[in-house]
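Contents: one structure, followed by commentary.
The values are calculated or read from the model by the stated rules, or taken from the named source; none is laboratory data. Computed from a predicted structure; not experimentally measured. Backbone-built Cβ (ideal geometry, glycine too); neighbour counts: all protein chains shown.
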Ligand code: CP
Ligand code: NVA
């Protein structure tokens, strides 16, 4: 726990399995405190800046509310309003913000910008989503699976669709936690080969089996968890039509989920496009835990901020 103080979170590969498990356990503990009406304010007097270069509902609200509940203060910094959007360098922004704040969250496009911010900042930098990774989401996701299944190691997660930021962080996080991850998507939309190789390397230590396939049926076979995400992520809107064509056989629907375990969980980071990547019957069905998952963003990030900034 102590070793997390002052660290960044750019992607989960920065963290050991024990550190990730510690954060999940802490999130569950803070969730319980919150439900019991217990006031817990280890970040009194601390401030986090939230830089957004892309839209957000969950990330913004959960960071702002989470910081408030921990006794601190959060500033919403839209790129339209700060000088970063007018060409001030990432390095100058990082060094200036380090003089005022105790932490920075950034949501942006290229992952290199997150890395550059972290390089120049003297305070913890948290990746609130880049084109490469979405580690905060995945902390909440595995917390949700753990709460529903009582374990993580040895479970099978099937991710159907685009090999995007979600696929990457689920791969790395799953590999760290000993969760078998199978990803199915069409040609040209595979997850980054370097991320897959890294997940496989991590999996050798933890026992996690990593499979990349074209077949959604193969991926969901006996799965404990089925996960999907939008076909066109933020920044890829212009490709919407081409992607609808490429992904048409990759919808998570009643037919596909038949291959999974009967008590499978359905997860989606949200926002969702119903009847595109997932049928209404599945996302609104009895196996769906999407709102538990969305709620856990709050608890997971409270744990993260308390650990890094406390
Ligand atoms: N899942 C997620 O990060 O949602 P927002 O884009 O609404 O923050
Ligand atoms: N892959 C999606 C996730 C949104 C939370 C995107 O990057 O837009």
Within the stretch 83-93, is even one residue away from ligand 1 (no atom under 16 Å from the Cβ) and touching a strand residue (DSSP E or B) at 6+ places or on another chain (Cβ under 6 Å)? no
Please go through the stretch 94-111 and give me each residue that is away from ligand 1 (no atom under 14 Å from the Cβ), within 18 Å of residue 52 (Cβ to Cβ) and assigned to a loop (DSSP other than H, G, I, E, B), ordered by number. 101, 110
Selection from the stretch 38-55 of residues more than 17 Å from residue 103 (Cβ to Cβ) and within 16 Å of ligand 2 (Cβ to nearest atom) yields 53, 54, 55
What are the pairs with Cβ atoms under 7 angstrom where one residue, in the stretch 43-58, is closer than 17 Å to residue 298 by Cα and the other, located anywhere, is within 12 Å of ligand 2 (Cβ to nearest atom) and part of a strand (DSSP E or B)? Sequence gap at least six, or different chains. 56/107
Select, from 114, 211, the only residue that is in the same structural domain as residue 97 (by TED's automatic domain parsing) and either part of a loop (DSSP other than H, G, I, E, B) or over 25 Å from residue 28 (Cα atoms) (or both). 114
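Yes or no, residue by residue, for (1) in a helix (DSSP H, G or I); (2) at pLDDT 95 or above; (3) more than 13 Å from ligand 1 (Cβ to nearest atom):
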site	(1), (2), (3)
242	yes, yes, yes
254	no, yes, yes
281	yes, yes, yes
295	yes, yes, no
298	yes, yes, no
305	yes, yes, yes
Looking only at the stretch 104-111, decide whether some residue is under 17 Å from the mean Cα position of the chain (by Cα), within 16 Å of ligand 2 (Cβ to nearest atom) and within 25 Å of residue 149 (Cβ to Cβ). no
Determine the pairs where a residue that is free of Cβ contacts under 8 Å to residues at least 12 places away in the same chain, located within the stretch 281-292, has a partner that is surrounded by fewer than 16 Cβ atoms within 10 Å (Cβ to Cβ) and in a loop (DSSP other than H, G, I, E, B) with Cβ atoms under 8 Å apart, the partner being 6 or more residues away or on another chain. none
Counting just the residues of the stretch 7-52 that are in contact with a strand residue (DSSP E or B) (Cβ under 6 Å, 6 or more places away or on another chain) and outside any loop (DSSP other than H, G, I, E, B), which one comes out surrounded by the fewest Cβ atoms within 10 Å (Cβ to Cβ)? 47
All but one of (1) surrounded by fewer than 17 Cβ atoms within 10 Å (Cβ to Cβ); (2) away from ligand 1 (no atom under 16 Å from the Cβ) hold for residue 55; state the number of the condition that does not hold. (2)
Taking only the stretch 217-252 into account, find how many residues are away from ligand 2 (no atom under 16 Å from the Cβ) and over 22 Å from the mean Cα position of the chain (by Cα). 9
Quick check on the stretch 165-194: of everything there that is within 14 Å of ligand 2 (Cβ to nearest atom) and surrounded by fewer than 24 Cβ atoms within 10 Å (Cβ to Cβ), which residue is farthest from residue 283 (Cα to Cα)? 192
Considering residues that are surrounded by fewer than 24 Cβ atoms within 10 Å (Cβ to Cβ), in contact with a strand residue (DSSP E or B) (Cβ under 7 Å, 6 or more places away or on another chain) and more than 22 Å from residue 213 (Cα to Cα), the number found within the stretch 145-164 is 1
